[in-house]
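To start, the structure itself, in structure tokens.
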Amino acid sequence: MRNHSIIGWLLATPLTLVLLVFLVAPILMIVTVSFWGATEWSIYPAFQFDNYEFLLGSNVTYRVFFNTFKYALITWAFTLLIGFTVAYYLAFHIRSQTWQIALFLLCTIPFLTSNIIRMISWIPFLGRNGIANSTLMSMGVIDEPLEWLLFSDFSVILAFVHLYTLFMVVPIFNTMMRIDKSLIEAAADNGATGWQTQWHVIVPLTKPGIMIGTIFVVALVMGDFITVRFMSGSQSANVGRMIQNDIALLQYPSASATAVILLITVLLLIGTLLRFVDIRKEL
Amino acid sequence: MEPRPKSFYVLTAFFVVFLLFLYGPTLTIGILSFQGPGGGLTFPMRGVSLHWFRDLFQEQAVGDIWGSFARSFVLGLMVMVTTVVVSVMGGLAFRQRFAGSTVLFYLIITSLVIPSILISLGVGLIWSQSGMPVHWATSGFGAQLTWTLPFGLLIMFAVFNRFDKSYEEAARDLGASPIQVIRHVVLPIIAPSLIGVALFGFTLSYDEFARTLLTSGSYNTLPLEIFGMTTNVTTPVLFALGTLTTGFSLLIILVFLLIVWGLNRRRAKQGSDAGRGML
């Protein structure tokens, strides 16, 4: 046993070092700086609660946090519905393994291309003279171009769903592939309808995958700043943007305080979700 | 085979719409990047030309995109190699419990779910407070590892969950040393998955934005350069660049897929079933 521990430690050393220097130390640094003070052009070490007082005493903070939760919740609902349906189709309706792998790859490839380019690529669709507006106008559905298609909450959530649905598809598909097909036959033999099988057999057995997907999507949306900035045309805010604004103004202590609150929020959320799933077992 | 139920056709339609949703916008900018010289950011096409691609090659017109491409490429390779090596070692370490393994596991999860801007801010602060200049190859490199390593490790966990330990036992019974077991048995069996880890390492680094934002210093990586362009470039040259980098990503993916395919074929030829069902 002792021997095992030593070999384990040796093998884990590079990983531990990277995480200590680039994860743990930065978090500690942010916590420290969140108590510092700032002038217009510099920051100085201190131990004061001013940043937190200002942050927690401002209505803007609560509005922005509410907005962040709103984005996370709506995006989660859409990615779950779409992701579950797509994974279900691939796992239960595609019969040849080759096709399954091919279609699965087709779903995951966009994940390996640039998020920023994928955001940019909505411009020709959603712009004032974009494809969506001109199509709707030529069909006679609307007379005036819709102004809320681009640079709005709508486009922010659309981009989130576009970018992150894969994070639902992959874990849900992975869990579904392990469901013993005879369970579904058994349900049918016992007279369950398609919906009953779906709801009482497949959904419960897929829960671990749904949880892992949820963890990904919630974490990504809660921590985002670039999608909101780009897709809302700087008109909406979430916590990430608040931090980024402070950084741009060199107000690092105030940015750090916001970052600490955001980190606590995200870790509490993810910690709660982790209680429902044993990630290592489900991989 | 039994006939397809009605739901199959509904779901197929849904899946096709989903694929259109996934790929439609990218295809659109692919088409629009061939806009004529007088064309704008959306349809109609005003002629077809390579005008905007040519623009990309005139450096002063759009900034230092070729320099940033070279940096992103080198950084991607650095992150790729490190991710593979560290993930394999980490994956091997986690096959047994060791003191502190639970803490380390939760650190990996934290690294995955932590808002990227915190890494950017924290690493940036450490570097600036200790008087070191941030640089893409040092602080940027490390910041990206906090994003690629969790993915690499999750893949390795999945691989070792499915790993049949009797191969190792057989090797040991035949007198192989621990190093030989790893070198001649474990590594060859997990090789195709390592290609997957490498692909993730490279592409996630190549496209990484948020964690590199405050950690790359005065020389931009490609995503940072592209983002800078979005604020001041309003011509299809943006689409041309998008098309080129997406094309490059697809090429990389294709190369990796071909390598995996080749490995599997060679294996099938040799009549071994090692590694089956690992993908």
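Kindly indicate whether any position in region B:126-134 is among the hydrophobic types (A, V, I, L, M, F, W, C) and within 15 Å of residue B:89 (Cα to Cα). No: zero hits. Just a yes or no: is a residue in region B:53-69 in a loop (DSSP other than H, G, I, E, B), of a type in the set (D, E, K, R), modelled with pLDDT under 95 and closer than 28 Å to residue B:233 by Cβ? Yes; the residues of region B:53-69 include at least one that is in a loop (DSSP other than H, G, I, E, B), of a type in the set (D, E, K, R), modelled with pLDDT under 95 and closer than 28 Å to residue B:233 by Cβ.
Residues of region A:1-47 being under 13 Å from residue B:104 (Cα atoms), buried (at least 18 other Cβ atoms within 10 Å of the Cβ) and among the aliphatic types (A, V, I, L, M), which ones? Result: A:11, A:12, A:15, A:18, A:19, A:23. Considering only residues of region A:234-260 that are surrounded by fewer than 19 Cβ atoms within 10 Å (Cβ to Cβ) and of a type in the set (A, V, I, L, M, F, W, C), which is farthest from residue A:50 (Cα to Cα)? Among those residues, the one meeting the criterion is A:248. The set of residues in region B:175-191 being loosely packed, with under 15 Cβ neighbours inside 10 Å and part of a loop (DSSP other than H, G, I, E, B) consists of B:175, B:177. Scoring residue B:173 on the criteria (1) within 22 Å of residue B:94 (Cα to Cα); (2) without any contact (Cβ under 8 Å) to a residue 40 or more places away in the chain leaves a single failure, condition (1).
Counting only helices (runs of 4 or more DSSP H) that fall entirely inside region A:1-104 and contain at least 2 residues that are more than 12 Å from chain B (Cβ to nearest Cβ) and on the phi > 0 side of the Ramachandran plot, no element qualifies. In this entry, residue A:188 passes the filter for residues that are of a type outside the set (D, E, K, R), surrounded by fewer than 21 Cβ atoms within 10 Å (Cβ to Cβ), touching a Ser or Thr at 6+ places or on another chain (Cβ under 8 Å) and in a helix (DSSP H, G or I). If a residue must be among the charged types (D, E, K, R) and either within 7 Å of chain A (Cβ to nearest Cβ) or in a helix (DSSP H, G or I) (or both), how many such residues does region B:1-29 contain? Residues that pass the stated criteria total 1.
Could you list, in sequence order, the residues of region A:125-153 that are more than 20 Å from residue B:26 (Cβ to Cβ) and within 26 Å of the chain's Cα centre (by Cα)? Within region A:125-153, A:148, A:151, A:152, A:153 qualify. Filter region A:120-132 for residues that are buried (at least 22 other Cβ atoms within 10 Å of the Cβ) and in a helix (DSSP H, G or I) and give the result. Of everything in region A:120-132, those that are buried (at least 22 other Cβ atoms within 10 Å of the Cβ) and in a helix (DSSP H, G or I) turn out to be A:120, A:123, A:124, A:126. The sole residue among A:153, A:143 that is more than 10 Å from chain B (Cβ to nearest Cβ), among the acidic types (Asp, Glu) and farther than 25 Å from residue A:224 by Cα is A:143. If you go through region A:170-196 and pick out every residue that is free of Cβ contacts under 8 Å to residues at least 24 places away in the same chain, within 15 Å of residue A:87 (Cα to Cα) and among the aromatic types (Phe, Trp, Tyr), you end up with 0.
Among residues of region B:97-139 being part of a loop (DSSP other than H, G, I, E, B) and buried (at least 22 other Cβ atoms within 10 Å of the Cβ), the one that is farthest from the other protein chains (Cβ to nearest Cβ) is B:114. Of all residues in region B:82-134, those that are farther than 25 Å from residue A:260 by Cα and among the hydrophobic types (A, V, I, L, M, F, W, C) total 10.
The values are calculated or read from the model by the stated rules, or taken from the named source; none is laboratory data. Computed from a predicted model, the values in this text were never measured in an experiment. Heads up, the Cβs are rebuilt from the backbone with ideal geometry, glycines too, and the neighbour counts pull from every protein chain shown.
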